[in-house]
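**Q** Next up is a structure, given as structure tokens.
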Amino acid sequence: MDSGAGAEIKYSSIRSGISGSLTRHVFRYISALTDIPFCENDATPDIFYSQSGEIPESAKIIIRGGKCFIRHGDREREALGFDPIKTLADAFSLSFGSGPYSQDKQIPSPPDQPTLSEAVAGFKNIISNAGLTKSAGQPITVWPAPHTFAMALTHDIDIVRRSIPGSVRLLWKRHLPGGFMALLDSMRSSLFDFPNPYDRIHEWIRLESELGLKSTFFVFDGWRQHASDPKYKLRWLAAELKAIRSSGFELGLHTSIGCHAGYHVPESKKTLADFAGIGISGIRPHYLSAFFPQYWRAAAVSGFAYSSSFGFDEEIGFIHGTDLPIIPFDSEADSPVDLVEIPIAIMDCGIIGNQDAGSEAVFEKGRRLIDRCAASGGLAVLDWHERTLYGRDYPGWGILYFKLVEYARSRGAYFPLMSDIAESIMARFKGRL
């Protein structure tokens, strides 16, 4: 670690209103992301976090009343209009349910609410301005120079075949624009030796490989526990899973809606890993069906390195400003969960909805979110379903995906695999005592 100061920065949080374990977790996380070393010291703290009580003379930074101040002698000046420690602590310890089994409703954080990367970057800047480090430097050091933020690419595999009966229903109900020509494509694939319109995994691999990029495919294990679960069998994807493995792309588990509270997660992981013949380090729930922290605990116990469960299918943005990978905190157990949560920033249906995927307004929504991540060192994870490369049903969806990717690349984004993110974050976190 190199904070630029050469010594640990001391903090005290004896009357902060947040448990000691959670406060230590937050400072450890900030250290992991910024390379600034911290230690707890109530006697002569550099940073004093308290809602009441006398402020020690040694304190140069004071967090009080929801704001952050820098102190010079007997004078204080407001340096940050929010509490960065509480911002992080609240995000780490969220407890809610999402998906069909839940009545909870999460909405994206508004523009005036700080994201986690903004909280970390702002706090790091304050530490520098208070003279506790030589220079603020790059806000989030977890992304390798010269990159200042990151984008990860993912695909959920929900429907792998456009069947003739399904195509007739879609034509009758007009749910998708493919119409009669899409029905003909489905018939050709069923009756003759033509690829199915939704068989697109090989195409994603080819297109992303041509750009020097790799992505993660989240695949259902085949055990249906809910009426809205995917209907395909793993054996249908034998060639695709082999291609994912041989090309260096990543395979993750797409759990059933019924796994929302951690049910049957170990069995589902074993089924997919045994069939694919490779280790599975990532998990994402179908319909984002997950109750927290139960889902995280089950994933950690099952040996997953990361979960990617935070997100929206009708909007884009971040739950509680979570634009960075986090190590969740179980408030009931008053201890961290041993895995990384990697949030989704933009899902295809969330950004497009019923709009024209080729419209400038749709792209502008994604551009603004990417710009915000780029400004403070955040992470933008894209989630595009594999069938959306079929242009008759999803006109312009694939084009929009690659337009967002190229824009992020033009802003200097780093493009790691999800497993690389989890490994880097956890290694840094465990390296901080």
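The values are calculated or read from the model by the stated rules, or taken from the named source; none is laboratory data. Bear in mind the structure is a predicted one, so any value in this text is a computation, not a measurement. Using ideal geometry, Cβ is built from the backbone for each residue, glycine included, and neighbour counts are taken over all protein chains shown.
**Q** Anything in the stretch 84-102 that is within 20 Å of A32 (Cβ to Cβ) and either touching a Phe, Trp or Tyr at 6+ places or on another chain (Cβ under 8 Å) or surrounded by 21 or more Cβ atoms within 10 Å (Cβ to Cβ) (or both)? List them, or say none.
**A** Hits for the stretch 84-102 are P84, I85, T87, L88, A89, A91, F92, S93, L94.
**Q** Only one of F304, F363 is surrounded by 22 or more Cβ atoms within 10 Å (Cβ to Cβ) and of a type in the set (A, V, I, L, M, F, W, C); which?
**A** F304
**Q** Being over 14 Å from S13 (Cα atoms) and in a loop (DSSP other than H, G, I, E, B) is the filter here; which residues of the stretch 28-57 pass it?
**A** Hits for the stretch 28-57 are D35, I36, P37, E57.
**Q** Collect the residues in the stretch 386-404 that are closer than 19 Å to P195 by Cβ and either buried (at least 20 other Cβ atoms within 10 Å of the Cβ) or not assigned by TED's automatic domain parsing to the domain that holds I370 (or both), keeping them in residue-number order.
**A** Within the stretch 386-404, E386, R387, T388, L389, Y390, D393, Y394, W397, G398 qualify.
**Q** Only one residue in S289, S281 is touching a residue at least 12 places away in the same chain (Cβ under 8 Å), touching a Ser or Thr at 6+ places or on another chain (Cβ under 6 Å), buried (at least 20 other Cβ atoms within 10 Å of the Cβ) and of a type in the set (S, T, N, Q), so which one is that?
**A** S281
**Q** Also: When the stretch 366-385 is examined, which residues are found to be crowded, with 17+ Cβ neighbours inside 10 Å and free of Cβ contacts under 8 Å to residues at least 60 places away in the same chain?
**A** Correct list: G366, L369.
**Q** Residues R188, R235: which one is basic (K, R) and closer than 26 Å to P177 by Cβ?
**A** R188 is the lone residue from the list that is basic (K, R) and closer than 26 Å to P177 by Cβ.
**Q** Would you confirm, using the coordinates I've provided, whether E341 is among the acidic types (D, E) and in contact with a strand residue (DSSP E or B) (Cβ under 8 Å, 6 or more places away or on another chain)?
**A** Taking the combined requirement at face value, the residue satisfies it.
**Q** Next question. Identify, please: which residue in the stretch 6-43 is of a type in the set (A, V, I, L, M, F, W, C) and more than 28 Å from L379 (Cα to Cα) and is, among those, surrounded by the most Cβ atoms within 10 Å (Cβ to Cβ)?
**A** Checked the stretch 6-43; the qualifying residue surrounded by the most Cβ atoms within 10 Å (Cβ to Cβ) is I14.
**Q** Could you please let me know if F429 is part of a helix (DSSP H, G or I), within 30 Å of K10 (Cα to Cα) and aromatic (F, W, Y)?
**A** Against the criterion (part of a helix (DSSP H, G or I), within 30 Å of K10 (Cα to Cα) and aromatic (F, W, Y)), F429 qualifies.
**Q** Taking the stretch 338-364, which residues are outside any loop (DSSP other than H, G, I, E, B) and in contact (Cβ under 8 Å) with a residue 24 or more places away in the chain?
**A** V340, E341, I346, M347, D348, C349, G350, I351, I352, V362, F363, listed by residue number.
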